[in-house]
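Structure record follows, encoded as structure tokens.
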Amino acid sequence: MKIFTYSEEETKILGKIIGSFIKSQGIKVLALYGEMGAGKTAFTKGIASSFGIQEKDIMSSSFVIVSNYEDKNFYHIDLYRLENIEREDIDFWEYFESGTCVIEWAEKLTELPDNSLKIQIDIVNDQTRVFTLEVKDV
Ligand SMILES: Nc1ncnc2c1ncn2[C@@H]1O[C@H](COP(=O)(O)OP(=O)(O)O)[C@@H](O)[C@H]1O
Ligand SMILES: [Mg+2]
């Protein structure tokens, strides 16, 4: 399935809609793929808002691998700076089982749980992005 957005604001709105959808479907892992500047963080802000988390609380720095919003059962995972050594140390499956996880740079993971929603974000032009959705093993 392909969905186009024509501004950052629209991407956040799409995130909010997808956030409500995954809640209603019991989908716990959302894997985001796409290059730097594609809109992964903007989209995550929209998803987070449907979990009662404010946009400003979602970091885009990529320096923190796991941001934990435990009171909301929401984890924002950004693997951009993940090194092999950390991959062995961090038990991602523990997060997957603890709450809803949105993962930026999901290409760095070798395995995802069943019933994950995979979303590829591609840059079409300055303001346009195309989202390709794929539900794994439902
Ligand atoms: N349709 C769009 N959706 C999302 N971001 C967009 C869009 N059009 C332009 N942008 C810009 O692209 C950038 C996306 O940044 P960000 O969400 O941090 O990307 P990523 O996390 O994938 O590196 C922002 O500067 C945003 O304003
Ligand atoms: Mg980002």
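The values are calculated or read from the model by the stated rules, or taken from the named source; none is laboratory data. Everything numeric in this text was worked out from a predicted model, so none of it was measured. So basically every Cβ, Gly included, is an ideal-geometry build from the backbone, and we count neighbours across all protein chains shown.
Annotation: of all residues in region 29-59 being closer than 21 Å to E97 by Cβ and within 14 Å of ligand 1 (Cβ to nearest atom), the one that is surrounded by the most Cβ atoms within 10 Å (Cβ to Cβ) is T44. What is the one condition in (1) in contact (Cβ under 8 Å) with a residue 60 or more places away in the chain; (2) of a type in the set (F, W, Y); (3) more than 13 Å from ligand 2 (Cβ to nearest atom) that Y69 does not satisfy? Going through (1) in contact (Cβ under 8 Å) with a residue 60 or more places away in the chain; (2) of a type in the set (F, W, Y); (3) more than 13 Å from ligand 2 (Cβ to nearest atom) one by one, Y69 breaks only (1).
Return a yes/no flag: does region 48-59 have any residue that is farther than 14 Å from G34 by Cβ, modelled with pLDDT of 95 or more, in a helix (DSSP H, G or I) and within 14 Å of ligand 2 (Cβ to nearest atom). Yes: one or more hits. Of everything in region 75-98, what is within 16 Å of ligand 2 (Cβ to nearest atom) and either in a strand (DSSP E or B) or touching a residue at least 60 places away in the same chain (Cβ under 8 Å) (or both)? Give them in sequence order. The answer is Y75, H76, I77, D78.
Once region 87-118 is narrowed to residues that are among the polar types (S, T, N, Q) and under 15 Å from V66 (Cα atoms), the residue that is modelled with the highest pLDDT is T100.
So if I check each of K16, K23, which one is part of a helix (DSSP H, G or I), surrounded by 14 or more Cβ atoms within 10 Å (Cβ to Cβ), away from ligand 1 (no atom under 14 Å from the Cβ) and within 14 Å of the chain's Cα centre (by Cα)? Of the residues listed, the single one that is part of a helix (DSSP H, G or I), surrounded by 14 or more Cβ atoms within 10 Å (Cβ to Cβ), away from ligand 1 (no atom under 14 Å from the Cβ) and within 14 Å of the chain's Cα centre (by Cα) is K23. Looking across region 102-135 at every residue that is assigned to a loop (DSSP other than H, G, I, E, B) and in contact (Cβ under 8 Å) with a residue 60 or more places away in the chain, the one that is nearest to the chain's Cα centre (by Cα) is identified as W105. Of the residues that sit in region 70-86 and are more than 16 Å from ligand 1 (Cβ to nearest atom) and surrounded by fewer than 18 Cβ atoms within 10 Å (Cβ to Cβ), which one is modelled with the lowest pLDDT? Per the stated criteria, the residue is I85.
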